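The values are calculated or read from the model by the stated rules, or taken from the named source; none is laboratory data. Bear in mind the structure is a predicted one, so any value in this text is a computation, not a measurement. Virtual Cβ from ideal backbone geometry, glycine too; neighbours counted across all protein chains shown. The protein model used for the area step is the full one, side chains on, heavy atoms only, and it has no ligands, DNA or RNA in it. Shrake-Rupley method; radii C 1.70, N 1.55, O 1.52, S 1.80 Å.
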Amino acid sequence: MSANNDTREVVIQGIGVSPGIVAGKAFLLTTDDERYVAREVEEDEIPREMARFEDALIETRRQIHDIQQKVSDAVGQDSAGIFDAHLMVVDDRAFVEEVIRELTARRRNVEVVLKDVAEKYAEALANIEDDYLRERAADVRDVARRILRNLSGKTSSQLQDLTEPCIVVANDLAPSDTATMNTEKVIGFVTDLGSHTSHTAIMARALGIPAIVGLHDVSLRVSEGDPVMIDGGKGLFFIHPTSDRLSSYNKLIESRRTIESELALLKDEPPETKDGYFVLLSANIELPSDIDSVIESGARGVGLFRSEFIYLSQDALPNEEEQFKAYEEVARRLSPHPVIIRTLDLGGDKFISHIRTLTELNPFMGWRAIRFCLAQPAIFKTQLRALLRASKHENVKLMYPMVSNVNEVLQANEILDQVRNELRREGHEFNENIDVGVMIEVPSAALTADLIAPHVDFFSIGTNDLIQYTLAVDRVNERIAYLYEPTHPAIIKLIRNTIDVAHRNGIWTGICGEMAGNPLMVPLLVGLGADELSMNPGSIPMAKDVIRNLTYSQAETLAEQTLASESATEVLDLCRSLTQKIAPEVLELVE
Ligand code: PEP
Ligand code: MG
């Protein structure tokens, strides 16, 4: 490991995904597999190692049974059957006996032996010319990881157990890590991998935690406890920052605080242009606990509730009652403002271990979102039941993610109708006329918006995915992040087309991708005709400030100019100079 052993300042440029400046001590996140120390054991210690192994096996078996039971209760026996393969690994005598034999022969601690034996089994299976057996390699690795975790005696994440404020340094963070981390202690994070619109980055912005991703090998360059500093706006990471650096940043923090407190005064002012054009500003949330920051930001409702984070933040599938409580709480607290709940969008970069999905080469183009839900009607129906029941608060709306053709909308609406009938029969109260929308985030949907519009009440453009699918740029791959250009003329044209089609069909269009919360883009999206902009709550004051300093004709002119532009850079320059002219204070906060 080439950690930074001296105390000279090191500055690394990455992709700033969540603005803000913080300094603190580094906490180096290791993966579960790395958490043990390899060591030799004395002969008289061997029985103790065997006993640890047996105990960990018993605990592992218990956990798998437990998960299986919960999955079976939620979605039926068939889906729960997949855990049989995991139980077969725990109960495989040949596997268990080989670990015990190797323990005696090699005199190493059980973690080392188990890891090696499991890897040998997994590799042998992975090389067999049979799809079914090849899949079992993943089961062996999964189970070995679980046993290792049980051997360490820690089942909760390292990020949940933090006791001191720190800046987390990791190779990568999964959205489920971010969803479960102790946000009182994590004051910032940096990762080797990732990009601006990965869900981990989105979570960081939602939580208001400064973060930088795409720092390549930062997790190898930092040592536990190193003093470090993040400038999230510029994407600069400092290891051992000098005292001069710290004091100049302290001055910057002070001047930003002054601007922020001035923007906070706009909280109750309407998001209206100088010439009276109103744009609804709403918030994106992941969990009901985000509502306080929504209310504080002055947002008028929620334009995107990423409901899958309820699934990601717990160890088993949430049942109908748990989901109902979450949706109901958000709807009640934000009433009468609209709350748009997006149905489950799992897959892509969001996975949960209690629903087994096959490893895919292109997960963002694979079994994701509405595709997954239509194939798993039991899971989908449970969510729709909870969601419809919450719609007794009439501000609740629902929308389907990643629709790529009209047929998916028809199928989803048909399932929704079945659920309506069930609830009616059971005497549940719900809004019969709930608004149903779709996310426009696949180019085929944007280009056939006219076919989809008659079947829905609104569109919400998901620019994060629309950009990755249109430009063929994986949204979480830092190596090609330079190609991920929200201002690419193709994106501007697709947004314009979608909004025009919506308006011709008498429905409204919101934008809920990260582009909507970028103050540089706000005038452009207003000029393209967006009716609503939904963003992380932290961006609301900036967006409102920009809108209140803008005239609608300035926005329209900008939109026309960008539609005639040839490159992403040209569009970005036009956007930057307008924001610089009308709201320079906002640029000071983000750049
Ligand atoms: C989007 O794709 O723009 C979007 C809002 O959804 P998500 O980021 O959750 O994929
Ligand atoms: Mg999306």
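Give the carbon-plus-sulfur fraction of the accessible surface of the range 43-152 in %, rounded to a whole number; probe 1.4 Å, heavy atoms of protein chains only.
Numbers: 2780 of 5730 Å².
Carbon with sulfur: 49 percent of the solvent-accessible area.
So, in Å, what gap is there between the alpha-carbon centers of the range 181-203 and the range 52-66? Cα centroid of the range 181-203 versus Cα centroid of the range 52-66: 32 Å apart. Listed by number, the DSSP H helices of the chain that run 18 Å or longer by alpha-carbon position along their axis and have mean Kyte hydropathy of at least 0.0 are 110-126, 377-390, 489-504, 568-582.
When the accessible area of the range 468-532 is computed with all protein chains present and a 1.4 Å probe, what percentage of it is carbon and sulfur?
Numbers: 1090 of 2170 Å².
Here carbon and sulfur together make up 51 percent of the probe-accessible area.
Can you give me the C-alpha center-to-center distance between the range 503-547 and the range 444-465, rounded to a whole angstrom? Between the Cα centre of the range 503-547 and that of the range 444-465, the gap is 16 Å. For a straight C-alpha distance cut-off of 22 angstrom, the lysines reachable from Lys325 (same-chain residues fewer than eight places away being disregarded) are Lys70, Lys381, Lys392, Lys397. Here the spin labels are modelled as points 7 Å beyond Cα on the Cα-Cβ line, and at His455 and Gln314 they lie 3.2 nm apart.
Placing a pseudo-label 7 Å from each Cα along the Cα-to-Cβ vector at Leu246 and Glu9 gives an inter-label distance of 1.2 nm.
So if each residue of separation counts as 0.36 nm, and I subtract the Cα-Cα distance between Asn405 and Asp66, what length gain in nm does that give?
Values: separation 339, 0.36 × 339 = 122.04 nm, distance 3.81 nm.
Full-extension gain reported as 118.2 nm.
Can you pull the Kirkwood radius for the range 344-471, inverse mean 1/r over Cα pairs, to one decimal in Å? It is 15.4 Å. Across the range 514-573, counting alpha-carbon atoms alone, Rg and Dmax equal 11.3, 33 Å.
Applying both filters, DSSP loop and at most 16 other Cβ atoms within 10 Å, to the trypsin sites (Lys or Arg not before Pro) of the range 215-275 gives Lys234, Lys267, Lys274.
Karplus-based coupling profile of the range 511-523, in residue order and whole Hz: 10, 10, x, 4, 4, 5, x, 8, x, 5, 8, 4, x, with θ = phi - 60° in 6.51 cos²θ - 1.76 cosθ + 1.60 and x standing for Gly or Pro. Per residue, the chain exposes 42 Å² of solvent-accessible protein surface, assessed with a 1.4 angstrom probe and all protein chains in place. The label point for Glu262 and the one for Arg134, both projected 7 Å from the Cα toward the Cβ, are 6.1 nm apart.
Size descriptors for the chain, from the alpha-carbon set: Rg then Dmax equal 25.4, 83 Å.
Packing-based ranking of 394-400, 294-300 yields 394-400, 294-300, ordered from highest to lowest mean Cβ neighbour count within 10 Å.
Using only the C-alpha atoms of the range 307-394, find the volume of their convex hull and express it per residue in Å³. All intermediate terms of the calculation are to be shown ahead of the outcome.
Working: hull volume 8.3 nm³, N = 88.
Dividing the Cα hull volume of the range 307-394 by its residues yields 94 Å³.
Each residue of the range 211-225 was assigned a 3J(HN,Hα) from its phi angle through the Karplus expression (A = 6.51, B = -1.76, C = 1.60, θ = phi - 60°), giving 8, 10, 10, x, 8, 6, 10, 4, 5, 8, 9, 9, 9, 3, x Hz with x at Gly and Pro.
Computed over the alpha-carbon pairs of the range 43-152, the distance histogram in 10 Å steps reads 15, 43, 30, 11, 2 percent, short to long.
Taking the inverse of the mean 1/r over every pair of distinct Cα atoms in the range 182-336 gives a Kirkwood hydrodynamic radius of 18.5 Å.
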